[in-house]
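The values are calculated or read from the model by the stated rules, or taken from the named source; none is laboratory data. As the structure is a computational prediction, the values presented were derived from the model and not from experiment. In this analysis, Cβ positions are derived from the backbone assuming ideal geometry, glycine residues included, and neighbour counts consider all displayed protein chains. Accessible surface is based on the protein model in full, side chains and every heavy atom, while ligands, DNA and RNA are left aside. Shrake-Rupley method; radii C 1.70, N 1.55, O 1.52, S 1.80 Å.
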Amino acid sequence: GAGVSQSPSNKVTEKGKDVELRCDPISGHTALYWYRQRLGQGLEFLIYFQGNSAPDKSGLPSDRFSAERTGESVSTLTIQRTQQEDSAVYLCASSSRNRRYEQYFGPGTRLTVT
Amino acid sequence: QQQVKQSPQSLIVQKGGISIINCAYENTAFDYFPWYQQFPGKGPALLIAIRPDVSEKKEGRFTISFNKSAKQFSLHIMDSQPGDSATYFCAASMRTSGSRLTFGEGTQLTVNP
C-alpha cells in the first residue's frame, strides 16, 4: 500500500516569506507527527495529532509555526515569516491507533531559507 | 536537555564485521526503544524495536541489547554489508506522551567492501 507522502520535496524561499508543507499519512492511520531534522542532526519533535483530540503542540519552536489536520487525513505545517534557522528537512510520520508507537515516515520536505 | 545520547557519531566497518551503536537515555518513563535506518534523501525507516521488559531482541542480522539498570541500549549489526551503509538513529518514546519519539543524534555507518 501507499506510504506517507509529503509535498513539496524541496522548497526554497526567501527570508520573511510564509511556507506551507503538506503531509498525506498512510490511509487509516489516526496519529500524525511532524519532526524537524537539521543538517547532520537527529530529529526534533514538533507536533502530534491523534484523531479528534487537541494536538500536542509542545515541540513547536515559536509562534511562527502552526499545523492543522483535517480529520484523520492530510496535515499542513505552516511557517510564517521564515528565518534562515528554519532551514531543515521537515518529516511527517503516521501510526495506527493500535500500534501508535510504530511510526512510519515520509520522505520529508527540504526547506531552504535564503 | 539531551534525553537520548548516541555514540559513536560515525563508524567504519569492514564487510562481514560487526557494527555496534550505543545509546543511553535519562527518562525512566520511556517504554519503547526503536532504531531507525535512514538513507540519504529518504525518511527514516523503522528497523527494529524493543520494550524494557526484555533484554534482547533479534531480527535477522540486527540485534538490540537492552540494559534497564544502566539505562542503555545498543544495536548490533552482524555480518555487516555495504548495503547497510546509512545513518542509524536510536529513539525512545512513552505512551503517556502520545508515543512521540525522542531521537539520538545519529550514527553514520560506512561498511567497506
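Number of residues in the range B:33-48 that are under 13 Å from the mean Cα position of the chain (by Cα) and open to solvent by 10 Å² or more (accessible area, probe 1.4 Å) equals 5. Quickly run through the range B:1-22 and pick out the residues that are within 11 Å of chain A (Cβ to nearest Cβ) and within 10 Å of the chain's Cα centre (by Cα). Across the range B:1-22, the qualifying residue is only B:Gln6.
Quick check, is B:Gln108 open to solvent by 10 Å² or more (accessible area, probe 1.4 Å) and within 14 Å of chain A (Cβ to nearest Cβ)?
Yes: the conditions hold for B:Gln108.
Checked against (1) at the interface with chain B (Cβ under 10 Å from one of its Cβ atoms); (2) open to solvent by less than 70 Å² (accessible area, probe 1.4 Å), A:Ser75 passes all but a single condition, namely (1).
Residues in the range B:32-63 that are within 11 Å of another protein chain (Cβ to nearest Cβ) and more than 20 Å from B:Ser7 (Cα to Cα): 4 in all.
Residue selection: A:Leu21 fails the criterion of being assigned to a loop (DSSP other than H, G, I, E, B), out of contact with any His (no Cβ under 8 Å at 6 or more places or on another chain) and within 17 Å of B:Gly43 (Cα to Cα). Within the range B:79-93, residues that are over 17 Å from B:Phe39 (Cα atoms) and more than 14 Å from every other protein chain (Cβ to nearest Cβ) have Cβ atoms under 9 Å from residues that are open to solvent by 10 Å² or more (accessible area, probe 1.4 Å) and at pLDDT 95 or above in these pairs: B:Asp79/B:Lys15; B:Asp79/B:Gly16; B:Asp79/B:Gly17; B:Asp79/B:Ile18; B:Asp79/B:Arg61, counting only partners at least 6 apart in sequence or on another chain. Selection of the range A:32-48 for residues being hydrophobic (A, V, I, L, M, F, W, C), buried (at least 24 other Cβ atoms within 10 Å of the Cβ) and at the interface with chain B (Cβ under 9 Å from one of its Cβ atoms) yields only A:Leu43.
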